[in-house]
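The values are calculated or read from the model by the stated rules, or taken from the named source; none is laboratory data. This one's a predicted model, so the numbers in the text were calculated from it and none came from an experiment. Surface accessibility is based on the protein's heavy atoms, side chains included, excluding ligands, DNA and RNA. Shrake-Rupley method; radii C 1.70, N 1.55, O 1.52, S 1.80 Å.
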Amino acid sequence: LGDGAPGGNYGYTNSGYSVYEEENERLTESLRTKVSAIKSLSIEIGTEVKNQNKMLSEMDNDFDSAGGLLGATMGRLRALSRGSQTKLLCYMMLFSLFVFFVIYWIIKLR
């Protein structure tokens, strides 16, 4: 063997080997706690992802129903705009006069 080390312990003295063994045990335990923390964190992330996906699915359904309602409203507005323009203009004028008189009445009461 090399450098005059005895052949039975491969160059390690008994005290030196135990120091390395203790350090390895300490590092192994440190690694074990870090792996455990990462495992619990990844489980929490997975749970959060599942909850977020569920919420996104619910929001998608809500937006679909709102889109359907908006489409129906736009269809009614198109049908209303296809009607006679004078009738629509008359309704707009009456509404404007009503709003004007309500505002005038509110100002007059102050």
| request: Out of the residues in the stretch 81-110 that are in a helix (DSSP H, G or I) and among the charged types (D, E, K, R), state the one that is least open to solvent (accessible area, probe 1.4 Å). | output: LYS87
| note | In the set GLU44, GLU25, the lone residue that is charged (D, E, K, R), open to solvent by 90 Å² or more (accessible area, probe 1.4 Å) and at pLDDT below 95 is GLU25
| Single residue of ALA5, ALA79 found to be modelled with pLDDT under 95 and under 46 Å from the mean Cα position of the chain (by Cα) | ALA79
| task | Would you check if there is a residue in the stretch 31-45 being closer than 29 Å to LEU88 by Cα and among the hydrophobic types (A, V, I, L, M, F, W, C)? | result | no
